[in-house]
Amino acid sequence: MTAIGAERYRELLSRRAARGSRANYGGIAPTYQLGSGKPDPASFPKHELVVAMADVMEIEGDDALTYGALYGWDGLRDLVVHKYNVLEGLKLERDNVLLTNGSNDAIGLIIQAFVDEGDPIICEAPTFMATIGAFRRQGADLLGIELDDEGLRTDLVAERLAALREAGRRCKLIYTIPTFQNPAGPTMSERRRRHLVKLAREYEVMILEDDAYAELRYDGQPQPSMYSLDDAGFVVRTGTVSKILGAGFRLGWVIAPPMLLGYLSAFNFGGGISPLASRICAYYLKDHLEPHIRELIDIYRAKRDSMLEALQQGLGDTDAAWSRPEGGFFIWVKLPSGTDPQRVSELADAASVGYVSGTMCMPNGGGEDHIRLAFSYDQPEQLREGTRLLCEAIKQAGVGVSSGTTF
Ligand SMILES: Cc1ncc(COP(=O)(O)O)c(C=O)c1O
């Protein structure tokens, strides 16, 4: 019998699945990986993790190798509580924490729990590309709102919420990455955070505060999380060990009012969130969390500065502009005027330099004149060379005019 073709599968797939499939990124990675925000492999504490793994096996190997609790292993939930209470002065309890398979999974559970077909959802434009796909598959009507140096324009959010109400439509969720925004980089000011929380109360809408990078601040002053500014239960916040230890653990979490966690975890089939990985991670972090974060901050600050310097050298004589993030992994570059983005892509491919096109980060189209660069993965020398080659490609692909370099 001949195998059925793609058309016939599409008839069988659910409406959600039929909204699009995703290729497995495999193939050959470019020599210069300025695309995806992978953590620095040289920072992985491999030796210490071997020790942690041996301790786990010795002390609680039987529990580590069987199914775990639905909300995740309590030892790691307690560590998450400790991290926020000690580092940020929150008053969390274990019942506020649901462990997940990375924060992508946390975001996915929240989207499933709050978004129905056709629901208007407010997000930043640009925003994190993976969540755009997840919202679209769920059938959300994504409404992107622009950012500036102070983060999401909450004045425009207020206008949009009022217009939706006027039209008889209910926005149930606002998705934001307030700290070291991916990809644009700004951190939302306290004033705007307070404004957004006030709007959430006024319109009874949930805020999904995606805080994947909050620990990695290289300069400037921390801002209070919206979770800490909300006393009415309208904010759910997600976090991850991907950026502070290793993405391979696939461990993240949601912090939220306890009564919501049951609705979120109901979308998991059961078996718990890797009981083995959770223990290895917690055994390591209980003694090393703060010093390891301090080490990472030094590593990533130096990498950010190398990339900024290479951009200045490569594009400083054009009218290109780029962000100077106080933390996180990304730099958002506005291409010099007159640049042909398709040509940049071809030339960068030929030079084996990866990057992300701005179009991937836009919920409602546009972004051709921007690219996202990550300084997290490559080692410093490679980072400089990759950025130099990319700047050359950009210049060859257009006619930039001379000017300054602020965002
Ligand atoms: C803004 C943002 N949120 C969430 C994630 C998901 O990270 P993970 O699933 O590894 O925790 C990422 C990863 O790049 C990210 O940039």
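What follows is calculated from the coordinates using simple rules that are stated; it is not laboratory data. Predicted model, so just to flag it, every value in this text is computed and none were measured. Using ideal geometry, Cβ is built from the backbone for each residue, glycine included, and neighbour counts are taken over all protein chains shown.
Structure values in brief
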item	result
Beta bridges by DSSP in the range 46-288, antiparallel share as percent, to the nearest 5	35 percent
Pairwise centroid distance, computed over Cα atoms, of the range 15-79 with the range 257-306, Å	9 Å
Karplus 3J(HN,Hα) series, Hz, for the range 151-168 with 6.51 cos²θ - 1.76 cosθ + 1.60 (x for Gly, Pro)	x, 3, 6, 6, 5, 6, 4, 4, 4, 5, 4, 5, 5, 5, 4, 4, 7, x
FRET efficiency, 1/(1 + (r/R0)^6) with R0 45 Å, evaluated for D155 and S352 via beta carbons	0.55
Among L196, G239, I174 the positive-end extreme of the charge dipole of the chain (Cβ point charges)	I174
Ascending count of other beta-carbon atoms within 10 Å, so fewest first, for I371, I299	I299, I371
Viscosity 1.306 mPa s, 10 °C: Kirkwood-radius Stokes-Einstein D of the range 46-288 over Cα pairs, µm²/s	86 µm²/s
Net dipole in debye of the range 231-337 [+1 Lys, Arg Cβ; -1 Asp, Glu Cβ; about Cα centre; nearest 20]	380 debye
Karplus (6.51, -1.76, 1.60) ³J(HN,Hα), θ = phi - 60°, over the range 374-382, in Hz, Gly and Pro reported as x	10, 9, 7, 8, 5, 6, x, 5, 5
DSSP beta bridge pairing in the chain, given as percent antiparallel to the nearest 5	50 percent
Relative contact order (%) - the range 291-396, alpha-carbon pairs under 8 angstrom, separation at least six	35 percent
Highest average packing first - 76-83, 60-67, Cβ atoms within 10 Å	76-83, 60-67
Under 17 Å from the Cα of K303 - aspartates and glutamates, other chains or at least 8 residues apart	D40, E215, D219, E295, E326, D378, E381, E385
Sparsely packed chymotrypsin sites (Phe, Trp or Tyr not before Pro) within the range 226-333, loop by DSSP, other Cβ within 10 Å at most 10	F269
Placed amide H near I145: partners under 5 Å, 5+ positions off or other chain	C123, E124, A125
Check: the chain dipole with +1 on Lys, Arg Cβ and -1 on Asp, Glu Cβ, in debye	780 debye
Residue-span extension gain [S345 to D148] - 0.36 nm each, minus C-alpha spacing	68.2 nm
Point-to-point label distance, A6-E385, nm (Cα→Cβ direction, 7 Å offset)	3.7 nm
Which of G366, P341, T154, positive extreme of dipole for the chain (C-beta unit charges)	G366
Backbone HN-Hα couplings from phi across the range 320-334 [Karplus 6.51/-1.76/1.60, Hz, Gly and Pro as x]	5, 9, 8, 7, 10, x, 7, x, x, 10, 10, 10, 9, 10, 8
Separation in nanometres of the label points that stand 7 Å from Cα toward Cβ, at M259 and K91	1.9 nm
Taking the C-alpha atoms of the chain, convex hull volume expressed per residue in Å³	169 Å³
Largest-first principal axis extents of the Cα set of the range 267-396 (Å)	52, 36, 26
Point-charge dipole on Cβ atoms (K/R +1, D/E -1) for the range 46-288, about Cα centre, debye to 20	340 debye
DSSP bridge orientation in the range 1-155 - percent antiparallel, rounded to nearest 5	25 percent
Centroid-to-centroid separation of the range 165-180 and the range 90-155 [C-alpha atoms, Å]	9 Å
For S36, residues with placed amide H under 5 Å, excluding near neighbours	none
Under 11 Å, Cβ to Cβ, from L92 - net charge with Lys/Arg +1 and Asp/Glu -1	+1
